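The values are calculated or read from the model by the stated rules, or taken from the named source; none is laboratory data. None of the values given here were measured: they were computed from a predicted structure. Ideal geometry is used to build each Cβ from the backbone, glycine not excepted, and the neighbour counts take in all protein chains shown.
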Ligand code: GLU
Ligand code: ZN
């Protein structure tokens with residue numbers, strides 16, 4: 001393959017959506033696979049909805065995912081600027097060319113007139129489109145409309161009776177009829193080009209070779225093809241990636257769960273897990289293996305294995321995959337990931353002293369195997385915080401064990417045993433429990449479960465020795481006597 005140049009061109013009208021992230025990823029994988037160039041361009045021609053905050057959020061999300069770029073916004077390059085609003089000058093000669101050649105004309109129609117036309121077509125069961133009212137205006141008529149204060153937009157004159165063919169890299173041959181399109185606006189009355197126009201100019205001027213984007217843009221492609229032709233640009237290859245659906249097979253939306261990359265980041269997903277998961281949304285590797293880092297993905301990626309059918313976003317699978325990466329990650333990294341959640345829940349202070357951090361790391365270690373995403377940490381380690389013990393009221397087993405005749409004696413014996421400790425760790429705790437069992441001639445549930453419930457209020461939770469060891473002598477003693485006082 002010749003020099004590959006691909007781009008991801010987000011509109012900064014919201015945070016980076018998982019669909020956008022997947023498009024960015026596929027472009028990135030494609031570029032990295034062929035040693036090509038990845039370009040990031042910002043399509044901010046929607047003046048009302050674009051913001052710089054969204055732009056930096058999107059770039060942040062891309063960086064967090066590890067999707068770097070060789071050319072474009074922030075990093076620069078030979079085809080800049082990479083923000084459409086800063087490229088208006090570059091568009092001007094092409095606008096003039098289309099007007100001079102009669103391929104575009106000024107349209108003075110008001111919003112009301114256009115709406116009327118749309119409504120009339122729809123009432124007849126026809127596709128709403130512009131029927132060309134201004135396509136044959138004389139200079140005199142134009143001057144009159146201008147004098148009446150009408151601000152014109154520029155429309156592209158769609159040639160009649162043309163068959164437009166996209167040889168899509170993913171979807172195969174797709175055909176469109178130019179007659180269904182209607183002359184469309186390429187420059188709005190405020191002088192700002194529309195997406196369909198700016199995207200063609202930018203892709204052509206930036207030498208983009210492959211346009212890989214979401215299926216929702218397929219219907220724009222015939223309009224863009226017409227512009228490539230009218231401007232005499234060579235046409236890049238197109239590949240439209242299938243939609244992402246929720247499990248009910250409707251288009252993925254907020255109803256299904258988090259839809260933006262920042263939300264997953266905030267919930268405590270790891271970027272490598274999200275990248276791995278998104279790569280498999282529409283692309284499939286050759287073997288059975290499902291766990292890949294981004295280098296491995298780039299090595300294996302090919303458009304031939306990108307599916308035509310929609311991809312279903314399976315939250316359970318994402319959680320499973322994230323849990324896998326959490327287990328693989330270093331404990332320090334996972335502690336860092338969990339810390340903000342513990343702080344938010346008020347369990348940990350804003351500034352954590354070194355010793356407390358060491359303790360916290362051991363606490364997180366008890367949960368690392370079970371954690372699917374960092375936000376779950378609070379529920380999993382709550383048991384390590386606080387002096388009192390609240391019996392979990394849905395936990396019947398806990399209540400039963402606490403009500404055993406032998407339980408007060410177990411608690412007292414353990415407290416007595418603990419007083420002789422010089423050290424307090426898992427080993428001494430284990431020995432003490434054994435000693436208590438021997439002395440009282442109690443074993444199994446009546447011993448271990450009783451202690452567990454007495455210190456935690458629950459019949460389940462982290463390893464009992466680890467729990468006691470991490471609570472430490474003071475907290476353990478306080479909780480045991482608290483429970484005893486309630487019996
Ligand atoms: N700015 C467009 C979007 O965010 C990108 C369109 C394209 O890739 O051509 O959907
Ligand atoms: Zn008009």
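Some notes on this structure:
- Considering region 12-37, and only residues there that are free of Cβ contacts under 8 Å to residues at least 40 places away in the same chain and assigned to a loop (DSSP other than H, G, I, E, B), the residue that is farthest from ligand 2 (Cβ to nearest atom) turns out to be 35.
- Within region 197-213, considering residues that are touching a strand residue (DSSP E or B) at 6+ places or on another chain (Cβ under 7 Å) and not in a strand (DSSP E or B), the one farthest from ligand 2 (Cβ to nearest atom): 209
- Test: residue in region 318-339 that is in a loop (DSSP other than H, G, I, E, B) and within 25 Å of residue 465 (Cβ to Cβ): yes
- Meets criteria (within 19 Å of the chain's Cα centre (by Cα), outside any loop (DSSP other than H, G, I, E, B) and without any contact (Cβ under 8 Å) to a residue 12 or more places away in the chain) for residue 56: yes
- The one condition in (1) assigned to a helix (DSSP H, G or I); (2) more than 26 Å from residue 358 (Cα to Cα) that residue 459 fails to fulfil: (1)
- Of the strands (runs of 3 or more DSSP E) contained entirely in region 107-180, those carrying at least 2 residues that are within 16 Å of ligand 1 (Cβ to nearest atom) and touching a helix residue (DSSP H, G or I) at 6+ places or on another chain (Cβ under 9 Å) fall at 163-168.
- Qualifying residue in region 71-79 (condition: part of a helix (DSSP H, G or I) and closer than 26 Å to residue 262 by Cβ): no
- Exclusive hit being farther than 24 Å from residue 310 by Cβ and either within 16 Å of ligand 2 (Cβ to nearest atom) or surrounded by fewer than 21 Cβ atoms within 10 Å (Cβ to Cβ) (or both), set 229, 216: 229
- When residue 126 is tested against (1) modelled with pLDDT under 95; (2) surrounded by 13 or more Cβ atoms within 10 Å (Cβ to Cβ); (3) more than 16 Å from ligand 2 (Cβ to nearest atom), just one condition goes unmet, and that condition is (2).
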